[in-house]
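Read-outs: derived from the displayed coordinates by stated rules, not from any lab. Remember, predicted model here, so these are calculated numbers, not experimental data. Every residue, glycine as well, gets a Cβ built from its backbone with ideal geometry; the counts of neighbours run over all protein chains shown.
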Ligand code: SF4
């Protein structure tokens, strides 16, 4: 089977061209074709010699995969399904909001973290996506040239697939790649500590932490990751990092009825986030099958936001989109399609 060029960093392309006795600058030419000129086959790389193109074709191909299905919500949100060679299924979502077009990208088929309120967590884990597969989601959707923001908030825990996550961040933000500002990218993590430090110090992307409950004993019940990587430790690490005004830190917080929006939670949030320049983003719970969780009402969410704001915690409520096509936060699952 041929190896895919699309999804390779400039460093990796350089290794390839050197192995084929070419000068390093040829790697930059290939990157241009892949990430700037959007070609789909090696034949189209017309500034490479015919002989070299033939040599390249012996071992490599570009490697783009078309999505296998797309559904559109009544609010315009689109949910894509990708099926890869080993039948791994992955979903991704595009959200349209005036000038802003946000792609919610996935990094794994399924997820190991098993958050109790998340459809992806309930379906279990199949495998990590390669850098080719993650980047292919972006490249292969209909509106790829209009995407303004990318959030790694689709299926999977991005930091549990750090190597491939990092490669795609590199390609998205480098001048040889798509040259997007790192602040157009947000990586959302449940607090996967082994690679959080790498994310903070090796990249400049914005960071979102799935918090959902500031009290450890309660968070454990909702998010098993709390047992291995306590939120206190995550916050400790975040506090050690010197946040400049440009890089944003957000805490994602699904509001459940009578579960995580009481006085004790406000108090715990004030203590936990004290000294951090950040924002809390309240999210509506979208009901999934076989769950005991119930979402707070809109009124309760507004009340909770106002109480947090009165404690000087910058808090917003995220607009909910794509619920009718199961594309909203926490609803991505390929369990049915697998059957
Ligand atoms: S919320 Fe995120 S980390 Fe938790 S199970 Fe779902 S996809 Fe995984």
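The order of 118, 278, going from fewest to most other C-beta atoms within 10 Å of their C-beta, is 278, 118. Of 212, 38, the sequence from fewest to most neighbouring Cβ atoms within 10 angstrom is 38, 212. Would you mind pulling out the separation of the Cα centroids of region 33-100 and region 136-211, in Å? Measuring centre to centre over Cα atoms gives 17 Å. When the Cα gyration tensor is reduced to axis lengths a ≥ b ≥ c, the ratio a/c stays below 1.5 for region 3-61, which is therefore classed as rounded. Once you have a ≥ b ≥ c as the square roots of the Cα gyration tensor eigenvalues for region 8-137, tell me rounded if a/c is under 1.5, and otherwise prolate or oblate according to whether a/b is larger than b/c. Prolate shape, in that a/c is at least 1.5 and a/b is the bigger ratio.
In a fully extended conformation the segment linking residue 81 and residue 309 would gain 78.2 nm over its present Cα-Cα distance, using 0.36 nm per residue. Using only Cα atoms, find the angle between the long axis of helix 231-240 and the longest principal axis of the chain, and express it within 0 to 90 degrees, rounded to the nearest 10. Its long axis makes an angle of about 70 degrees.
Relative contact order, whole percent, for region 69-338 stands at 19, derived from Cα pairs under 8 Å and 6 or more residues apart. Summarising the strand pairing of the chain, around 45 percent of its internal DSSP beta bridges are antiparallel. How much of the calculated P(r) for region 113-232 lies past 24 Å, in percent of all Cα pairs? Across region 113-232, Cα pairs with separations above 24 Å total 29 percent.
Over the residues of the chain, the helix contribution to mean residue ellipticity at 222 nm works out to -9500 deg cm²/dmol, using -39500 (n - 2.57) for each DSSP H run of at least 4.
Gain on full extension, evaluated as 0.36 nm per residue between residue 183 and residue 97 minus their Cα-Cα distance, stands at 29.2 nm.
With q set to 0.06, 0.07, 0.11, 0.15 Å⁻¹, the log10 of I(q)/I(0) for the chain, from the Debye formula over equal scatterers at the Cα positions, is -0.23, -0.31, -0.73, -1.27.
Spin-label model, residue 197/residue 140: points 7 Å from Cα along the beta carbon direction are separated by 3.7 nm. Taking the square roots of 5 times each eigenvalue of the Cα gyration tensor of region 193-298, largest first, gives ellipsoid semi-axes of 25, 15, 14 Å.
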